[in-house]
1. May I ask you to say which residue of A:LEU115, A:LEU156 is in contact (Cβ under 8 Å) with a residue 12 or more places away in the chain and either in contact with a Gly (Cβ under 7 Å, 6 or more places away or on another chain) or closer than 30 Å to A:HIS353 by Cβ (or both)?
2. Look at A:LEU69 and say whether it is away from the ligand (no atom under 16 Å from the Cβ) and at pLDDT below 95.
3. Take the range B:212-238 and flag every residue that is at the interface with chain A (Cβ under 7 Å from one of its Cβ atoms) and either in a loop (DSSP other than H, G, I, E, B) or near the ligand (Cβ under 8 Å from one of its atoms) (or both).
4. Among the residues of the range B:21-48, how many are without any contact (Cβ under 8 Å) to a residue 24 or more places away in the chain, surrounded by fewer than 21 Cβ atoms within 10 Å (Cβ to Cβ) and part of a helix (DSSP H, G or I)?
5. The conditions are (1) in contact with a Ser or Thr (Cβ under 9 Å, 6 or more places away or on another chain); (2) away from chain B (no Cβ under 11 Å); (3) farther than 30 Å from A:LEU197 by Cα, and A:GLN356 fails exactly one of them. Which is it?
6. Any residue at all in the range A:203-225 that is within 14 Å of chain B (Cβ to nearest Cβ), surrounded by fewer than 14 Cβ atoms within 10 Å (Cβ to Cβ) and at positive phi?
7. When the residues of the range A:7-22 are filtered to those that are within 16 Å of B:GLY238 (Cα to Cα) and part of a helix (DSSP H, G or I), which remaining residue is farthest from the ligand (Cβ to nearest atom)?
8. Pairs under 9 Å by beta carbon, first residue within 16 Å of the ligand (Cβ to nearest atom) in the range A:363-384, partner among the charged types (D, E, K, R), six or more apart or different chains?
Amino acid sequence: MPPMPHFAVIRRYLRRLLRGPRTIVAEVVAFTAACVVMTIVPQADDATALQLHRFEADWPRSAQFVRLLQLDQVATSAWFLVLVGLILASLGLVLVEQIRILVRTWQRPVTEAALASAPFRVEFERPARGGPAIQLGQSGRVGYAGAAMLHLGLVLCVVAGFGRMLLECNGVIDLVEGETLAAGDTTAWARQWRGALAEPMQVGKSVRFDKLVTTRYPSGKLKEMSAHIRLGAGPASEDHEIAVNTPLDIDNERMYLTADGGPAVLLDAGRGDQVPVAVLLRDVAGDALEYSGTVRGIEVHLRADRSRSGALPNQVFARVLIDSGLRYAGPLAPGQGVNLGQGQHLAIAEIRHWSQFRARRDATLWLAWLGLASGLLGALLIYGVTPVAWMVRVDPLGDREHVVIRMRPLRFVPLFRERFDELVRTEGGNEVRS
Amino acid sequence: MNSLVLDYSLHWAAVALYILATIAFAHSVVFDHPQRARYGSWLVWAGLLPHSAALIVRWQHSGHGPYMLKYEVLSSNAWITLVMLLVFLWRRPKWTAVALVALPVSFLMMGLGLFANPEVRDLPPTLRSIWLVFHVFFNKLAVAAFVLSVASAVTLHRKLRGKRGPWLDRLPSAEALEAYCGRFVGFGLVFWATTIVAGAIWANQSWGRYWGWDVIETWSLITLLSYATLLHVIRFFGLKGERLVWWTLGCFGVSVLTIFILPFAMPSLHAAYFQ
Ligand code: HEM
């Protein structure tokens, strides 16, 4: 038995199924429903453990169902990927079809036969005027490209989304004024998240964070924020600024300033002259900024009030312990230190700002922009430019003429009544029969 | 007079004029005096003066456009809807009935805003972007287009119910109303998509990602997809009549949920502007 006919039948069936209007509507509805689920069921990759736990406690029965259908990880679930695959297949078929129709429509001139079933039609007689026997015309031809561009845009966006899932890389780093992120350093990042095929985060040039500049409202709230940075080392280095909403491109990576951070305290700690260690004070609760940790074997707790103006504190309140024994509790200002016994000391060398930066690499970003632009332009063409074909045929009847006028708008037919009436009027028809 | 009181008084003056405009339109429609509809339009123009002045006063005082908190958001939505209504009535003077839906929706939005917290909130640095202006502006255009699609749908519903009357008879045919409904939905979809694209560009600049599946982001996509479903059903199955009315109202419900209800109900990066 020859296998080919079977294959051809299946292919034809699949094509008809995937291009079927019901399938298309069902796919769009299913994707919409998946989006709704994503917002209702806490998603494993971005919900907190508490949210997940609470959902399980509040909806014990649904939780089982949710786990079974992977509704708590929609974007990576098998059924969602199958759905997106089906959508891509339908879109691909539609796209090929729409491009074919577009090319054909574009090349084909308007003919009388094509307007035989036009929704607007009228025939009348008028005194002879002369002029051409038949006029055929069309306007808004570019509107034919709308649907193809829109759906091409959607395909590109989906492909860009997949590309991002696989290739995107993100890194977050906290830098203290004066600190440098070395070129090619993949280990300095506080946190990284990336796609399965993405290389670890690194930047191609060294980045030295020189200074944070902020302006504030009278209320004390942050108004503007930027970071002065130095890219590269040596004489070829360049000064740049990264601000909120103004990221900086460094080769293939883009670097963002994401948070103003707070004060960083540079501590001289230990037994001798060592390089100061920077510890970062963070917003813990209310107006207080705190640090708790161990610096060269010394347990240090620092606390400072958050100033409304964003200025650095003049001093911090320190609690210092060695082997759980309290050695010091009290204020410390830059330049001040305490002797902790056993040859150990702790001093504040300086207080500076620290800020949070984020770096991102997304190789398919351009594809997403191309898709969005194409989709948007396509939608604009569909609704902003309606292709309209029309014809005026004049047959001589002695000293009179028989006139036939036809008009076919591609969509929104009833809205072209006035335009048709206007055409009829200019051709001398006083009675409209359509 | 302090600027908050001035802004408040101007807003209320505008609401009063819009209510009078609604009465004028209702009179024109119900008692069949089509030529008197122009008084309604004049009153809307008159209302737009204090309304615009109120928005400008607030803009100057707050240092940012009308897009923070309900007070500003709802007022500017109503402003755009009414400007679009006037443009529409100028092009289609016979469609006064549409004003009877668009005007009450607009002044109710304003009223809701006026009873909300009128505090001026400082704009955080992330919101200082030209893309925010596009994002907000196109969102308001989308809302206005969707309100007009609802107005067409409601008018269509009255006509389909066999209700007769001089004003209903004067309206274009049910087919034309259906086409308008589809066209407003189409324009709304374009504006909504532009809102999403402007938001994506801005998010990419500000947060380093163009899409993040945040709740409000996702619901804006759900709204887009709901309207896309409606347009496909119109295109593929020739949806019309009462079904078209209910589909249009349903999709509008989804957009209202996304813009006005979910920002209160769900924690989202995008909700701060409204809460
Ligand atoms: C499964 C994915 C989709 C498929 C297979 C699909 C297919 C189609 C087809 C075959 C048409 C008719 C085109 C024509 O008249 O030449 C159409 C029209 C359209 N589609 Fe889609 N579509 C899909 C998703 C979407 C989405 C997600 C949107 C919006 C975001 C969208 C927006 C539109 C619009 C606005 C029209 C024009 C409707 C009209 O003629 O008024 N489509 N689509």
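The values are calculated or read from the model by the stated rules, or taken from the named source; none is laboratory data. Computed from a predicted structure; not experimentally measured. Here the Cβ positions follow ideal geometry from the backbone for every residue, glycine too, while neighbour counts run over all protein chains shown.
1. Details: A:LEU115 fails: either in contact with a Gly (Cβ under 7 Å, 6 or more places away or on another chain) or closer than 30 Å to A:HIS353 by Cβ (or both).
Step by step, each of A:LEU115, A:LEU156 is checked, and only A:LEU156 is in contact (Cβ under 8 Å) with a residue 12 or more places away in the chain and either in contact with a Gly (Cβ under 7 Å, 6 or more places away or on another chain) or closer than 30 Å to A:HIS353 by Cβ (or both).
2. On the way: away from the ligand (no atom under 16 Å from the Cβ): yes; at pLDDT below 95: yes.
The answer is yes for A:LEU69.
3. Correct list: B:TRP213, B:LEU225, B:ALA228, B:HIS232, B:PHE236.
4. Restricting attention to the range B:21-48, the residues satisfying the condition of being without any contact (Cβ under 8 Å) to a residue 24 or more places away in the chain are B:23-24, B:27, B:31, B:33, B:35-36, B:38-39, B:42.
Subsequent filtering for residues that are surrounded by fewer than 21 Cβ atoms within 10 Å (Cβ to Cβ) retains B:23, B:27, B:31, B:33, B:35-36, B:38-39, B:42.
Checking which are part of a helix (DSSP H, G or I) leaves us with B:23, B:27, B:35-36, B:38-39, B:42.
Looking only at that region, the number is 7.
5. (3) is the only condition that A:GLN356 fails.
6. Checking the range A:203-225: at least one residue is within 14 Å of chain B (Cβ to nearest Cβ), surrounded by fewer than 14 Cβ atoms within 10 Å (Cβ to Cβ) and at positive phi.
7. So the first thing to find is which residues in the range A:7-22 are within 16 Å of B:GLY238 (Cα to Cα), and the list is A:20-22.
Narrowing further to those that are part of a helix (DSSP H, G or I): A:21-22.
Numbers: A:PRO21: 7, A:ARG22: 11 Å.
Of everything passing the filter in the range A:7-22, A:ARG22 is farthest from the ligand (Cβ to nearest atom).
8. If the second residue must be among the charged types (D, E, K, R), the pairs left are A:ALA368/A:ARG164; A:ALA368/A:ASP362; A:ILE382/A:ARG411; A:TYR383/A:ARG411; A:TYR383/B:ARG183.
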